[in-house]
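Structure, as structure tokens:
What follows is calculated from the coordinates using simple rules that are stated; it is not laboratory data. What you see is a predicted model; the values in this text were computed from it and never measured. Note: ideal-geometry Cβ built from the backbone for every residue, glycine included; neighbour counts use all protein chains shown.
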């Protein structure tokens with residue numbers, strides 16, 4: 001069996017390796033060859049861990065030969081955003097400053113769990129500096145590039161993750177999402193992404209941004225693969241204070257369950273404003289496939305976005321205050337200036353934002369008493385051009401960087417689980433958010449799976465390579 005780019009999913013690779021039709025080493029070498037060929041264009045990787053990957057692949061092949069259980073991700077190549085601790089490398093988090101850190105002595109929990117399931121880590125991925133970015137344009141490592149049009153953004157801050165999976169370099173990648181950094185690259189790069197419930201997946205040994213918002217999660221080119229990775233990483237972790245009690249709740253056995261009994265609604269008002277026609281069309285296609293015309297209003301979503309900004313910039317500034325004092329010139333100026341602004345926000349405003357956050361969460365949870373799923377745009381537009389700083393919407397010129405996450409921030413603000421699904425429009429794909437109540441990733445993934453089977457959502461082959 002040959003291993004060509006985009007030919008095999010993670011699930012297919014794992015089955016073929018487990019039954020001896022493919023070797024994990026052969027799969028790994030094929031992935032490394034794809035990276036060598038296409039990453040000079042995409043700029044998705046900052047580190048390729050070829051020796052480590054081949055050693056792990058050989059161990060998987062030995063286990064197969066010995067008749068041992070090799071796990072549900074046997075031989076599947078994956079890569080991680082470079083804010084994950086990776087043993088032997090400094091955790092750069094997209095920055096220049098962090099490159100001076102000592103190499104990590106242990107992998108992040110989620111890397112350990114992926115490898116325990118048989119997956120093979122092939123490297124670390126490009127990202128926006130300190131995760132404070134929606135564009136995927138890193139000033140130190142250069143921008144990651146969109147696999148469907150390399151003149152366009154990947155979105156951020158998990159831009160390398162989006163490019164690597166969307167471009168077929170690896171079937172799975174891990175990223176982080178504070179205000180939209182999984183959902184935005186998923187939308188722009190035409191792939192599936194999961195931002196789980198806050199506290200569902202461990203963040204242990206990853207570089208933080210906003211501790212009260214930070215989530216880690218997977219990217220994939222199919223819902224099956226997304227769910228496989230998610231299930232492999234579930235479970236409490238005493239090393240993450242937000243992830244200590246919730247037991248694993250596997251979704252793979254429930255993925256194909258009928259969704260006709262689910263109550264599905266479209267987010268109206270705020271979520272139908274400030275969008276380009278392609279975002280409206282994508283939501284309409286998804287709603288049509290799900291047979292819903294019901295619209296609900298999420299109260300005060302604009303204020304939720306504003307409060308998310310206040311908390312993001314103040315928590316981020318607090319985290320980086322020493323670095324800002326010692327090495328201000330080594331920051332991306334755009335990141336530095338936002339953090340400095342956050343350091344000057346009065347405490348009274350932060351307190352108001354936190355109080356509003358509690359009120360807003362209670363109101364949104366009330367909605368889920370009569371609704372199981374809410375659908376909304378993931379981004380207001382398809383991927384802008386690299387270097388583009390503004391776009392014109394309804395006759396108003398708006399800054400790109402500040403407005404890409406307009407529809408993601410009110411959701412991650414209160415930690416809801418979301419699957420971003422790709423609608424393959426021409427010439428560029430765009431994503432839709434499938435939003436569920438806390439701890440109901442299974443429902444969001446079931447809806448995404450049903451949509452994928454209709455063909456309304458799918459990950460298109462990379463058009464720019």
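If the chain linking residue 59 and residue 340 were pulled fully straight, counting 0.36 nm for each residue of separation and taking away their Cα-Cα distance, it would gain 96.4 nm. Among 454, 408, 49, sorting on how many other beta-carbon atoms sit within 10 Å of each Cβ, with the fewest leading, yields 454, 49, 408.
In Å³ and rounded to a whole number, note down the convex hull volume per residue for the Cα atoms of the stretch 58-132.
Values: hull volume 6.4 nm³, N = 75.
That works out to 86 Å³ per residue.
Helical runs assigned H by DSSP (4 residues or longer) give the chain a calculated mean residue ellipticity at 222 nm of -11500 deg cm²/dmol, each run adding -39500 (n - 2.57) before division by the residue total.
Distance from a point 7 Å along Cα→Cβ of residue 330 to each backbone N in the stretch 117-157: keep the residues under 19 Å and list them by number. Within reach of a label on residue 330: 127-132, 138-142. The alpha carbons of the stretch 249-342 stretch over 57, 36, 24 Å along the principal axes, in descending order. Rounded to 0.05, the FRET efficiency of the residue 246 and residue 33 pair, given R0 = 45 Å and the Cβ-Cβ distance, is 0.70.
Translational diffusion coefficient, Stokes-Einstein: compute it for the chain using the Kirkwood radius over C-alpha pairs as Rh, at 10 °C and 1.306 mPa s, and state it as an integer in µm² s⁻¹. Write out the running numbers ahead of the final one.
Numbers: Rh = 21.7 Å.
Translational D for this selection: 73 µm²/s.
When only alpha carbons are used to place a centre, the stretch 6-68 and the stretch 193-272 end up 25 Å from one another. Our Cα-only numbers for the stretch 183-337 put the radius of gyration and Dmax at 19.0, 57 Å. Ordering of 185-192, 441-448 by packing is 185-192, 441-448, highest average first (other Cβ atoms within 10 Å, averaged per residue). Ranked for footprinting exposure by Cβ neighbours inside 10 Å, fewest first, 295, 46 give 295, 46. Once the Kirkwood radius over Cα pairs is known for the stretch 331-414, the Stokes-Einstein relation at 25 °C and 0.890 mPa s delivers a diffusion coefficient of 154 µm²/s.
Restricting the calculation to Cα atoms, every distinct pair contributes to the Kirkwood radius of the stretch 315-465, found to be 18.5 Å.
Please work out, to two decimal places, the log10 of the ratio I(q)/I(0) at q = 0.13, 0.24, 0.27, 0.29 Å⁻¹ from a Debye calculation in which every Cα of the stretch 196-262 carries one identical scatterer. The Debye formula, applied to the Cα set alone, gives -0.42, -1.07, -1.20, -1.28. As a length-normalised measure over Cα pairs under 8 Å and 6 or more apart, the relative contact order of the chain settles at 17 percent.
With the contact rule set at Cα under 8 Å and sequence spacing of 6 or more, what percent relative contact order holds for the stretch 61-196?
The normalised contact order for the stretch 61-196 reaches 22 percent.
By the count of other C-beta atoms within 10 Å, a proxy for reagent exposure, 280, 13 are ordered fewest to most as 280, 13. Once the mean of 1/r is taken over each pair of separate Cα atoms and inverted, the stretch 291-367 shows a Kirkwood hydrodynamic radius of 14.3 Å.
Full extension of the chain between residue 303 and residue 272 gives 9.6 nm of extra length, using 0.36 nm per residue less the Cα-Cα distance.
Label-to-label distance, residue 358 versus residue 280, with points set 7 angstrom from Cα along the beta-carbon direction: 4.0 nm. Each Cα pair under 8 Å and six or more residues apart adds its sequence gap; the mean of these over the residue count of the stretch 160-291 is a relative contact order of 20 percent.
I want to verify the translational diffusion coefficient of the stretch 1-160 in µm²/s; compute it with Stokes-Einstein, Rh as the Kirkwood radius over Cα pairs, at 25 °C and 0.890 mPa s.
Values: Rh = 16.2 Å.
Result for D is 151 µm²/s.
A Förster radius of 35 Å, combined with the Cβ-Cβ distance separating residue 104 from residue 69, puts the computed FRET efficiency at roughly 0.80.
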